[in-house]
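Accompanying notes for the structure given below.
The values are calculated or read from the model by the stated rules, or taken from the named source; none is laboratory data. Just so it is clear, the model here is predicted, and its values are computed rather than measured. Every residue, glycine as well, gets a Cβ built from its backbone with ideal geometry; the counts of neighbours run over all protein chains shown. Keep in mind that these areas ignore ligands, DNA and RNA; they rest on the heavy atoms of the full protein, side chains included. Shrake-Rupley method; radii C 1.70, N 1.55, O 1.52, S 1.80 Å.
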Amino acid sequence: MKKGAIFGIIAGAVTLNIIGLSLIGSFLNNATAASSEIRMHNGEVSYSATSDGLLGDTYKSATAGAVTNAIAYEADYDFADEAEFSTGVNSGIVAAAPDDPGVNVDPAKGRLLIRTVTITAETTNYVEVAASVESKVKEYGGYIEYSSMRGTGNNKDLRTGTYTVRVPADKLDALVASVGTSCTVTSSSEGTTDVTLEYVDTKARIESLRVEYDQLLALLAQAEDLDTIIVLQNRLTDVRYQIESAESRVRVLENQVLYATLTLTLNEVLEEKEVEEAHVETYGEKVSNQFKQTWENTVEFFQNALLGLIACIPGIVVMAIIAAVVLIIVFTARKKRRARRAKALAAKEAEKIAEKKSEEKKSEDKKDEKEDKKEEKKESAKD
């Protein structure tokens, strides 16, 4: 191996090691910073041991500081949503409801249902319909969670808008009706999700977590060992996080129950299609429609066949030329073969004729010899 290649390999290995060490160091620094933030959030007291010993006044001051911080932690943690939620599972909890208090958010009064409606509509007056939808949403106390539009509306660049609307559940039907009157609805669907069981389970979990949190605070107030204090503080942090997460989920469920979701896709068109009323076909109409459909299918079949034939003309021409060339070659070869056969037969016939003539000549010669012999015998007999 050349020296340049060896030096290149060594330099690459050194570079990779430097990059790896840098990444590891960055990761360790981030982890250290994150753990430092957690320790600060938990109220953990950092202390340093003096040369007098590790279990002296330093340990006592650290323990006292940790207990003080834990008590302050308890005082600060007042459950921000205490006024909104009670500790009972079916205690008639009511979140920030819309104007109509009749919407149910209490499992004891009925099922908690999340309604979702999806509508696709078209209109020739996109701007007016979009403005009407937005004004109706505000009128019913809702809000537009997401909206998007593509297209310019110029030079047949038709616009398409998508809206995700959150509206009080008791106003959803009115909003859907207003959309249906302002434009032509081409498709719609509605879904309902029952979250009663999840809501009750989450509330029960919050109650049990709060009980555990109070017990941990009581244990922390009595703890004197530093390791025990740290363990209790970490568990308190974990329980508090679980409580906040569960309460957040409860708020989400209540918001989804109180505010239904409408997903509207509005398409701009040059001409709106008229929605035909429902009509029950008679037997005669069915027969007539069947004949008409059969005739249309037959015409379409022959039209497609003609188009396919026209599309195949170049290929047919090429295949015809190739077939003609092949036929010419075949017929030429067959003609030559026949000529050779005829020539061979003629040669055989000529040979047969020649053989026959030679045999005839031989037989004539034999006859002549016999006659000559007879004449010689006659002459000798005369003598």
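Need one value: the accessible area of Thr263 in square angstrom, 1.4 angstrom probe, rounded to the nearest 10.
It works out to around 40 Å².
Could you pull the accessible area for Leu217 with a 1.4 Å probe, rounded to 10 Å²?
Using a 1.4 Å probe on the heavy atoms, I get roughly 10 Å².
Just the number, please: carbon plus sulfur as a percent of the accessible area of region 140-219, 1.4 Å probe, no ligands or DNA/RNA counted.
It is 50 percent, rounded to a whole number.
Can you find, among Ala305, Gly284, Leu253, the residue sitting farthest towards the positive end of the charge dipole of region 216-351, where Lys and Arg contribute +1 and Asp and Glu -1 at Cβ?
Ala305
Leaving ligands, DNA and RNA out of it, rank Leu226, Leu327 by accessible area with a 1.4 Å probe, largest first.
Result of the area sort, largest leading: Leu327, Leu226.
When the solvent-accessible surface of protein heavy atoms is calculated with a 1.4 angstrom probe, in what order do Arg340, Arg235 fall, highest first?
Largest accessible area first, the list is Arg340, Arg235.
Can you give the accessible area of Cys183 in Å² (nearest 10), computed on protein heavy atoms with a 1.4 Å probe?
10 Å²
Using a 1.4 Å probe and counting only protein heavy atoms, arrange Ser178, Ser380 so the residue with the most accessible area comes first.
Ser380, Ser178
Quick one: which residues, 5 or more positions from Thr186 or on another chain, have an amide H under 5 Å from its amide H? H modelled 1.01 Å from N in the peptide plane, none for Pro or chain starts.
Thr120, Ala121, Glu122
Report the gain in length on full extension from Ser135 to Lys377: 0.36 nm times residue separation, minus Cα-Cα distance, nm rounded to one decimal.
71.8 nm
Extending each Cα 7 Å along its Cβ direction at Tyr283 and Ser248, get the distance between those two points in nm, one decimal.
Reported label-point gap for Tyr283 and Ser248 is 6.7 nm.
Give me the accessible area per residue for region 303-362, probe 1.4 Å, as a whole number in Å².
91 Å²
What number comes out for the charge environment of Thr192, summing +1 per Lys or Arg and -1 per Asp or Glu over other residues with Cβ under 10 Å away?
Local charge sum for Thr192: 0.
Treating the Cα atoms of region 324-383 as identical point scatterers in vacuum, please give the log10 of the normalised Debye intensity I(q)/I(0) at q = 0.12, 0.16, 0.17 Å⁻¹, two decimals.
-0.57, -0.70, -0.73
If a/c stays under 1.5 just call it rounded; otherwise compare a/b with b/c (prolate if a/b is bigger, oblate if not). Do that for region 253-326, with a ≥ b ≥ c from the square roots of the Cα gyration tensor eigenvalues.
Judged from the Cα gyration tensor, region 253-326 comes out oblate (a/c at least 1.5, b/c at or above a/b).
Can you list the residues, at least 5 places off or on another chain, whose amide H is less than 5 Å from the amide H of Ala260, using H built in the peptide plane?
The answer is Val167, Ala169.
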